[in-house]
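Chemist: I have a structure here, written as structure tokens, and I will follow up with some questions on it.
The values are calculated or read from the model by the stated rules, or taken from the named source; none is laboratory data. Everything numeric in this text was worked out from a predicted model, so none of it was measured. Here Cβ is always computed from backbone atoms with ideal geometry, including for glycine, and neighbour counts include all displayed protein chains.
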């Protein structure tokens, strides 16, 4: 679900540097670490990436469905010249479909958008036996956007949970999009070097510059 405030986000209106880096998510499985001051549009950019990723995923699914629909093998019962029935296997169409599917773009993983402080709030509730939220995050199989990392109060739980989540993405060689008010050097002071080291290896670092757009309204 996209919050109402960001329903009208348009990818084409994102900063050019973000649009230029976006193809790396798919092509090179390289993530983005977007950082900058408060109100510079990092969350807006993240939702723009999110919407575009889901749109591209639907287009990939449509291509696969079209190939399957237009190249359905006509396997059927037929009769030979002697009037004997036999089962005809449309191997030619089957081969063509397999070749087209092999050449078509694979359907990218689903993307999941999480505001980090809110995600950690729900994750902590697991200790009360109220939810299985931690497992739903760590076992989701999604590509993640982690919005507003670094504003949370760091505890042992926070550090370990964030490490497991980012390490999961690292080991699966999944791209990840992260937004923060902090450059990586300051994020390391909060979350530790082992987390930031992985982020640095996984992501292109992009600074979002500008004044606080909220104050200018």
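Chemist: Are there any strands (runs of 3 or more DSSP E) wholly within the range 75-116 with 3 or more residues that are more than 19 Å from residue 31 (Cα to Cα), and if so which?
Modeler: By residue number, 76-79, 85-88.
Chemist: Specify which of the listed residues (84, 99, 92, 72) is more than 13 Å from residue 177 (Cβ to Cβ), over 18 Å from the mean Cα position of the chain (by Cα), modelled with pLDDT of 95 or more and not assigned by TED's automatic domain parsing to the domain that holds residue 185.
Modeler: Details: 84 fails: modelled with pLDDT of 95 or more; 92 fails: modelled with pLDDT of 95 or more; 72 fails: modelled with pLDDT of 95 or more.
Checking each option against the conditions leaves just 99.
Chemist: Return yes or no: is residue 104 closer than 30 Å to residue 154 by Cβ and either buried (at least 16 other Cβ atoms within 10 Å of the Cβ) or in contact with a helix residue (DSSP H, G or I) (Cβ under 6 Å, 6 or more places away or on another chain) (or both)?
Modeler: no
Chemist: On to the next question. Examine the range 134-146 for a residue that is in contact (Cβ under 8 Å) with a residue 60 or more places away in the chain and surrounded by 15 or more Cβ atoms within 10 Å (Cβ to Cβ), and state whether such a residue exists.
Modeler: yes
Chemist: Restricting to the range 37-53, name every residue that is surrounded by fewer than 20 Cβ atoms within 10 Å (Cβ to Cβ) and either touching a residue at least 60 places away in the same chain (Cβ under 8 Å) or in a strand (DSSP E or B) (or both).
Modeler: Within the range 37-53, 37, 38, 39 meet the criteria.
Chemist: Among the numbered conditions (1) farther than 22 Å from residue 170 by Cβ; (2) out of contact with any helix residue (DSSP H, G or I) (no Cβ under 6 Å at 6 or more places or on another chain); (3) in contact (Cβ under 8 Å) with a residue 40 or more places away in the chain, tell me where residue 24 comes up short.
Modeler: Condition not satisfied by residue 24: (1).
Chemist: With respect to residue 34, determine if the residue is surrounded by 19 or more Cβ atoms within 10 Å (Cβ to Cβ), modelled with pLDDT of 95 or more, under 17 Å from residue 210 (Cβ atoms) and under 20 Å from the mean Cα position of the chain (by Cα).
Modeler: Against the criterion (surrounded by 19 or more Cβ atoms within 10 Å (Cβ to Cβ), modelled with pLDDT of 95 or more, under 17 Å from residue 210 (Cβ atoms) and under 20 Å from the mean Cα position of the chain (by Cα)), residue 34 qualifies.
Chemist: Tell me the residue from 62, 56 that is within 25 Å of residue 201 (Cβ to Cβ), out of contact with any helix residue (DSSP H, G or I) (no Cβ under 6 Å at 6 or more places or on another chain) and not in a strand (DSSP E or B), please.
Modeler: On the way: 62 fails: within 25 Å of residue 201 (Cβ to Cβ).
Being within 25 Å of residue 201 (Cβ to Cβ), out of contact with any helix residue (DSSP H, G or I) (no Cβ under 6 Å at 6 or more places or on another chain) and not in a strand (DSSP E or B) holds for just one of 62, 56, which is 56.
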